[in-house]
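**Q** Quick one: the structure is below, and I'll ask about it shortly.
Every number in this text was worked out from the coordinates using simple rules, so none of it is lab data. The structure presented is a predicted model; accordingly, all values stated were derived computationally and were not measured. Positions of Cβ are backbone-derived with ideal geometry, glycine not excepted, and every protein chain shown enters the neighbour counts.
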Amino acid sequence: DVKVTQSSRYLVKRTGEKVFLECVQDMDHENMFWYRQDPGLGLRLIYFSYDVKMKEKGDIPEGYSVSREKKERFSLILESASTNQTSMYLCASLAQFAGNTIYFGEGSWLTVV
Amino acid sequence: DAKTTQPTSMDCAEGRAANLPCNHSTISGNEYVYWYRQIHSQGPQYIIHGLKNNETNEMASLIITEDRKSSTLILPHATLRDTAVYYCIVRPVQGAQKLVFGQGTRLTINP
């Protein structure tokens, strides 16, 4: 079974801290994604990557950056965390060939205080 | 990028068929329609996908209109465990896979 693993399930960070959210997939998928989920707003795409070192902005990239140095790992970085980044963050991966399903991690709950 | 629109919420009686509509009027010929659902704070779960033809699996059926501008997800005999947020998305067959989910439909199954 494909597995998408997010390194931290629950985190509490202080305003201004640098935060790393790590995501690893074990199926050699080309595409990886970071979403955030907030009540009433659904899933919003922050960044996605279609290959190693390649990244593209999603709909809400402000305040975030990403890193994809290895194919299996996609990191979301909050350079200076703010309280409005308190949210649930979901990572996903997808093989490039059409027809494949999108696999999600279990989510990381981040609270910025 | 093709966008989808869905009703914000729907209700359905337990045991009845739940029909969830999705509008994707700007879909192009090389884009799939995918359906996912999310229960509470779990990661979204894959349900079904299709390109042109109607599809059925053990969870649901997907009906895509002939012009492909809309689709309907059908849960044939809804149970209380089907209460969830349902997302309809479009996905390109090739190229950059920018997957935009939107707000989805909150489906409530009532006893």
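**Q** Could you run the Karplus curve 6.51 cos²θ - 1.76 cosθ + 1.60 with θ = phi - 60° over the range A:86-96 and give me ³J(HN,Hα) per residue in whole Hz, x for Gly and Pro?
**A** 5, 5, 9, 10, 10, 9, 9, 9, 7, 6, 6
**Q** Here is a further query. For the pairs A:K71/B:K3; A:K3/A:K55; A:K71/B:K98; A:K3/A:K71, note any where the Cα-Cα span goes beyond 25 Å.
**A** From A:K71/B:K3; A:K3/A:K55; A:K71/B:K98; A:K3/A:K71, over 25 Å: A:K71/B:K3.
**Q** Using the Cα atoms as the points, what is the convex hull volume per residue of chain B in Å³?
**A** 93
**Q** Please pull out the direction-averaged projected area of the range B:1-50, using the convex hull of its alpha-carbon atoms, in nm² to one decimal place.
**A** That works out to 4.7 nm².
**Q** Rounded if a/c is under 1.5, else prolate if a/b beats b/c, else oblate: with a ≥ b ≥ c from the C-alpha gyration tensor eigenvalues square-rooted, which is the range B:17-73?
**A** Since a/c reaches 1.5 and a/b is larger than b/c, the shape of the range B:17-73 is classed as prolate.
**Q** Just going by the charge dipole of the protein assembly as shown, with Lys and Arg at +1 and Asp and Glu at -1 on Cβ, which of A:T5, B:T65, A:I46 is farthest out on the positive end?
**A** Farthest towards the positive end: A:I46.
**Q** State, to one decimal in nm, how far the label point of A:K57 lies from the label point of A:T86, with both points 7 Å from Cα in the Cβ direction.
**A** 2.7
**Q** Let me ask another. Please list, ordered by chain and number, the residues whose modelled amide H lies under 5 Å from the amide H of A:Q96; skip anything fewer than 5 residues away on the same chain.
**A** Excluding prolines and chain starts, which carry no amide H, the hits are A:E30, A:N31.
**Q** Which whole-number percent is the relative contact order of the range A:22-92 (Cα, under 8 Å, 6+ apart)?
**A** Worked out over the range A:22-92, it gives 35 percent.
**Q** Taking the Cα centre of the protein assembly as shown as origin and charging only Cβ (+1 Lys, Arg; -1 Asp, Glu), how large is the dipole, in debye to the nearest 20?
**A** 380
**Q** Kindly state, as a whole number, the per residue volume in cubic angstrom of the convex hull around the alpha carbon atoms of chain A.
**A** Taking only Cα atoms, chain A has a hull volume of 97 Å³ per residue.
**Q** May I ask you to sort B:V90, A:V113, A:V24, A:V52 by Cβ crowding, counting other Cβ atoms within 10 Å and putting the fewest first?
**A** Listed from fewest to most nearby Cβ atoms, that is A:V113, A:V52, A:V24, B:V90.
**Q** Between B:I48 and residues 5 or more places away or on another chain, which pairs have amide H atoms under 5 Å apart, with H built 1.01 Å from N, and which residues are they?
**A** Hits under the 5 Å cutoff: B:W35.
**Q** Right, something else. Just to confirm the filter: which trypsin sites (Lys or Arg not before Pro) across the range A:31-68 are DSSP coil and have at most 10 other Cβ within 10 angstrom of their Cβ?
**A** Listed in order of number, the matching sites are A:K53.
**Q** Summing +1 for each Lys or Arg and -1 for each Asp or Glu, what net charge is found among the other residues whose Cβ lies under 15 Å from the Cβ of A:G42?
**A** So the environment of A:G42 carries a net charge of +3.
**Q** For the range B:62-111, with the dipole built from +1 on Lys and Arg beta-carbon atoms and -1 on Asp and Glu ones, taken about the Cα centre, which of B:L107, B:L80, B:V93 lies farthest toward the positive end?
**A** In the range B:62-111, that residue is B:V93.
**Q** Which loop-located chymotrypsin sites (Phe, Trp or Tyr not before Pro) does the range A:83-113 contain, where loop means any DSSP state but H, G, I, E or B and the Cβ has at most 16 other Cβ atoms within 10 Å?
**A** Passing sites in the range A:83-113 are A:F97.
**Q** Working from the pairwise distances between different alpha carbons, so that the mean of 1/r is found and then inverted, what is the protein assembly as shown's Kirkwood radius in Å?
**A** 18.0
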